[in-house]
Structure formats: C-alpha cells, structure tokens
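Scroll down for the structure; my scribbles are underneath it.
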Amino acid sequence: MNSKIAFLLSAVAASAQAYNVSPDQVKQLEIIMGDVKSNLFSYMALVVNPTSGITFSNLPDGLVDIGANMAMNANYKPDYSKVDIEAVSTFITKLSWFSNKLEPELASAGVPMVGGKTTTTLKGAVTSLI
C-alpha cells in the first residue's frame, strides 16, 4: 500500500475518537437525547444566544452528529461510542433545568449523572422548557 494512503487512513482513524461508554452511560445519553429531541427549541436557544457560552463547536464530541441524524431519521440508532460522556456530564449539569428536570429523570432511571456537577448555571440559559 502506498505510504501516503496509509498515513491518510491512520489520520482519519485517529480523528474519529472512540469512547468507552458503559450501559449506564448509554441510558444517561438516551435520556438526555430524548430531552433534547423533546425540547429542541430550548437547547437551540442556548446555541444561538451569544451570552450562553454554548456554540456548536464547543458542544461535547458526538452530540451534534447524533442530534442531526436523529432529527432526520426516526429509525436512527445512535453510536454513543463517539460521544465524550465526561464532557456531556460537565455540560448537562450546568443547564438551568438540570436539577428540576433531568436530574430526577436520570435518578429515577437508576443512572444519576456524576462528575462535573456544579451549582452554576449557564449564563443566559433558558430557564423554562417549552
């Protein structure tokens, strides 16, 4: 094989980061992505609000791709191994509605979100869900 092609293939493989996601983390991500799907406008409000500190480029790895695929294909089965769950944990616990809505859902499913929890909410965050 041509060494240039081999180098290119290895670079592409390295850029597609794979994360080790446990079954509990898959449940967490399913709950979170279900909330995103149900409340898309609230999440989008964060992305378009320049004071929120949230942009498409700083969302955790894998979320934008999964969200876009879920929006376009009802039968899409997400590959959560491409999601940086630690970054999701840090991000999601900062949402103003995390403690009132997501935290109880995660706890009742037996998969509470750990790590990255803070009492600070995102600046300019939407405070109620539509």
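No value in this document is a laboratory result; all are computed from the given coordinates. Source: prediction; values computed, not measured. Here the Cβ positions follow ideal geometry from the backbone for every residue, glycine too, while neighbour counts run over all protein chains shown.
Structure data summary
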{"quantity": "Among Leu95, Leu106, Phe41 - extreme Cα towards positive end, dipole of region 18-108, charges at beta-carbon", "calculated": "Phe41"}
{"quantity": "Among 61-72, 24-35, 99-110, 84-95, the order from most to least packed when residues are scored by Cβ within 10 Å on average", "calculated": "84-95, 24-35, 61-72, 99-110"}
{"quantity": "Segment Asp61-Asp79, length gained on full extension (0.36 nm per residue, minus Cα span)", "calculated": "5.3 nm"}
{"quantity": "Förster radius 25 Å - calculated FRET efficiency between Ala71 and Ala109 (Cβ-Cβ, nearest 0.05)", "calculated": "0.60"}
{"quantity": "Charge dipole (debye, nearest 20) of region 18-108; +1 at Cβ of Lys and Arg, -1 at Cβ of Asp and Glu", "calculated": "200"}
